[in-house]
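See below for the structure under consideration.
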Amino acid sequence: MEIPLQVSFRGVSAPPDVHALCLAEVEKLARFHGRITSCRVVVGEPNRRHEKGNLFSIHLRLGIPGGELEVNRECPEHQAHEELRTALRDAFHAARRRLQDFVRKQDGRVRLHRPREPRA
């Protein structure tokens, strides 16, 4: 199934392989939920004043029947987000976790977590 993918950049030059990388990640997401209707990725640089480099921000929006899932990755404490591939990978991993939770909730498999009792 071909999922419509839109990748846009704000304040960042567009590397040539980003669209292919995003497409591969969206296909991985389709394994967990086969009815993804759209995916929009916005890549930006939130702040250009870092001492150790510029950190990328990733905004991801997945359209699925029953709603939309949105993931925002703007973590200034993660120096790994200096590389675009790493920032994209982290954003898509977060999207996969949210998608898995969404599917579990729809299937009625949501577990209620009991607080752990303190050890003696």
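Here are the numbers for the structure shown:
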{"item": "Qualifying positions in the stretch 79-116 - of a type in the set (Val, Ile, Thr) and either modelled with pLDDT under 80 or surrounded by 15 or more Cβ atoms within 10 Å (Cβ to Cβ) (or both)", "result": "110"}
{"item": "Strands (runs of 3 or more DSSP E) lying entirely in the stretch 1-75 (those with 3 or more residues that are within 25 Å of residue 105 (Cα to Cα) and either out of contact with any Gly (no Cβ under 7 Å at 6 or more places or on another chain) or at pLDDT below 90 (or both))", "result": "38-44, 57-64, 67-73"}
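The values are calculated or read from the model by the stated rules, or taken from the named source; none is laboratory data. Small disclaimer: the values here were computed from a predicted structure and weren't measured. In this analysis, Cβ positions are derived from the backbone assuming ideal geometry, glycine residues included, and neighbour counts consider all displayed protein chains.
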